[in-house]
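First up is the structure itself, then whatever we jot down about it.
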Amino acid sequence: MTGSTVPIKTETGSGFTGYLSMPQKPNGSGILVIQEIFGVNSHIRDVADLYAAAGYVAFAPDVFWRQQPHVELNYTADDIQRGVALAHQLDASQVMTDMKSAATTLRGVPQFSKKLGVVGYCLGGKLAYDMATHDLVDVAVGYYGGTIDKNLDQAKNLHCPLMLHFGEKDTHIPMSSVEKIIEALAAVGHVEIYVYDADHGFNCDQRPSYDRKSAMLAFARSMILFNQCLC
């Protein structure tokens with residue numbers, strides 16, 4: 001794979017960028033990789049590279065660019081605080097506009113000719129759900145996305161397959177919230193929700209909460225859905 005930072009055109013000007021990872025053998029489809037509260041850091045770039053290795057043009061847009069461009073945080077207590085503060089500054093409507101711009105940029109890559117998916121983590125897990133309910137993608141996958149349970153009124157607008165992954169030990173997203181999501185999404189089409197014996201952030205191998213078994217199983221399930229919907 002070849003990775004590089006590329007500009008994203010917006011309605012109001014420039015300054016927005018994303019990490020683009022190109023597959024050696026593109027299958028024609030693309031996947032937006034949406035960051036955690038830690039920015040487009042080395043982990044998110046690794047995730048983009050992983051999906052590119054599977055044949056997808058992978059693109060990780062800088063969600064925080066309006067607050068602070070090119071944020072790359074680690075997983076220390078101080079950086080968690082910084083990431084949370086940046087996330088609280090986001091305007092939900094503006095973020096969706098930016099994600100639409102990122103999707104347009106990805107669709108403009110010459111190797112893209114088919115369909116678009118999204119996968120998001122933590123903050124990005126919620127944004128993946130939002131993109132699915134705003135009809136911006138053909139399929140969406142979200143990992144431990146917080147506050148989805150507070151935005152279930154959007155579920156009526158879900159018109160594409162959706163997969164959500166949660167950790168049973170996640171104190172940020174209690175099982176009561178997951179059960180509320182399961183109940184609300186039970187009758188809105190192709191929705192798969194999985195719960196793992198793991199904590200928040202179980203997919204990130206740079207975090208103490210990383211759980212390899214859960215991460216591998218979740219990735220396999222996500223790939224099956226992406227291959228079914230995008231290839």
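The values are calculated or read from the model by the stated rules, or taken from the named source; none is laboratory data. None of the values given here were measured: they were computed from a predicted structure. Note that we place each Cβ from the backbone using ideal geometry, even for glycine, and neighbour counts take in every protein chain shown.
List of remarks:
The rows are residues; the columns are (1) small (Gly, Ala, Ser); (2) under 26 Å from ARG207 (Cα atoms).
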{"site": "PRO69", "(1), (2)": "no, yes"}
{"site": "ASP78", "(1), (2)": "no, yes"}
{"site": "ALA102", "(1), (2)": "yes, no"}
{"site": "TYR121", "(1), (2)": "no, yes"}
{"site": "GLY145", "(1), (2)": "yes, yes"}
{"site": "THR171", "(1), (2)": "no, yes"}
{"site": "MET175", "(1), (2)": "no, yes"}
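- Residues in region 150-183 that are buried (at least 17 other Cβ atoms within 10 Å of the Cβ) and farther than 20 Å from ILE31 by Cβ: 8 in all.
- Cross-chain or 6+ apart pairs with Cβ under 7 Å, region 120-141 first and closer than 15 Å to HIS190 by Cα, then crowded, with 24+ Cβ neighbours inside 10 Å and among the hydroxyl-bearing types (Ser, Thr, Tyr): ALA140/TYR129
- Output for region 189-231, where each listed residue is loosely packed, with under 13 Cβ neighbours inside 10 Å and basic (Lys, Arg): ARG212, LYS213
- When residues of region 1-57 are limited to those that are β-branched (Val, Ile, Thr), over 21 Å from VAL137 (Cα atoms) and not in a strand (DSSP E or B), the one modelled with the highest pLDDT: ILE37
- Subset of region 27-43 (residues that are surrounded by fewer than 20 Cβ atoms within 10 Å (Cβ to Cβ) and in contact with a Gly (Cβ under 6 Å, 6 or more places away or on another chain)): ASN27
- Restricting region 46-90 to residues that are of a type in the set (D, E, K, R) and surrounded by fewer than 19 Cβ atoms within 10 Å (Cβ to Cβ), the residue that is nearest to ILE224 (Cα to Cα): ASP46
- Residue count, region 67-81 (criterion: touching a residue at least 40 places away in the same chain (Cβ under 8 Å) and either on the phi < 0 side of the Ramachandran plot or of a type in the set (S, T, N, Q) (or both)): 5
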